[in-house]
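The values are calculated or read from the model by the stated rules, or taken from the named source; none is laboratory data. Not measured: the values here are computed from a predicted model. Because the Cβ atoms are built from the backbone with ideal geometry, glycine has one as well, and the counts that use them run over all protein chains shown. Ligands, DNA and RNA are stripped out before the accessible areas are found, and what is left, the full protein with its side chains, is counted by its heavy atoms. Shrake-Rupley method; radii C 1.70, N 1.55, O 1.52, S 1.80 Å.
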Amino acid sequence: MTTLVKSMSDVYDEYMANGDPRVTKWPLMESPGPTFLLVILYVLFVKKIGPAWMMDKKPYDLRYPMFLYNFVLVLTNFYLILESFRILLKPSSKWFCRIDNKNDPDAIRLAELGWWFFFMKFVEFADTIFFVLRKKNKHISTLHVVHHAVVPIAVWGGFRVEPGNYNYFFPLINTIVHTVMYSYYGLAALGPSVQKYLWWKKYLTTFQMIQFVMVFFYVMSLMISNCKVSKFIIYLNTFLAGLFLMMFYDYFQNTYLRNRAIKKQKDLDGKSESVNHVKKDIPHSQQNGFSNHTDRKDH
């Protein structure tokens, strides 16, 4: 046991020593402690403290705060997208096998955008906090909580050693997805009068799954092209892409495919009951297709 603890301590010390000096002194980046603490507090509040506190209270009407919150997130994510593409679309910029010149202003800017992406993961804790305050506890699914809890930790781990370089891809594609996602939630917050036009929710879930497939293939392409890639980043991105793809697919299957099948079966059962009910009201001779009128006509 002592040997295992020492080995883990050595791995941690080596990992921390390999941190990018440009970001190690940035807020929340010096050690993983603050990130773990915030994640633990988040999980405790949304799973235990919050629901218990709201037990005897009426749900809060947060329609307009939620709309404002989602609107701000849409603008913030859109800004991060524009800034990222401003750098990536330069003639001298590369999308694959990026060589991170630590003195390059564009590389530093990508690192800054990566930090803001990381910070936004804590702001997004409000997604679940709104559920708690509105007593929508059924929406606080395992997928929802795991996603919000794991991503900040994973982003911290990747960002501390590779704040720019090729590690820009997941933040960029996730920011694009979140721009669309928070646009949807912002409109949905306006109530039933708007929600009835939001028919594209299941396509949003599909878009979220596509992002994980894209991340997986991007990481695989880095390996195939023999780029100088951190094995830690490869393993981290592959694990996260696989984990969340499976969890989102399970959600998609349960929410859309299975519910659709259940609804279809209920419709069929309802039609069957309706037919049986009609038959009960029809004379026996007519149920067999031979009414008295028809019998007379045939004779």
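What the table shows:
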| item | result |
| --- | --- |
| Cα shape, the stretch 84-238, gyration tensor, a/c 1.5 rule | prolate |
| Rounded accessible area of residue 214 (nearest 10 Å², 1.4 Å probe) | 80 Å² |
| Cβ-Cβ FRET estimate between residue 214 and residue 58, R0 fixed at 35 Å, reported to 0.05 | 0.25 |
| Fully extended contour minus Cα-Cα distance, from residue 196 to residue 138, at 0.36 nm per residue | 18.8 nm |
| Potential lengthening between residue 119 and residue 234 on full extension [0.36 nm per residue; Cα-Cα distance subtracted] | 39.2 nm |
| Centroid-to-centroid separation of the stretch 99-171 and the stretch 175-217 [C-alpha atoms, Å] | 18 Å |
| Residue 37 paired with residue 145, simple spin-label distance in nm, labels 7 Å along Cα-to-beta-carbon | 2.3 nm |
| Potential extension, residue 253-residue 227 segment - 0.36 nm per residue separation minus Cα distance | 5.7 nm |
| Simple spin-label estimate for residue 75 and residue 30 in nanometres, 7 Å along Cα-Cβ | 3.3 nm |
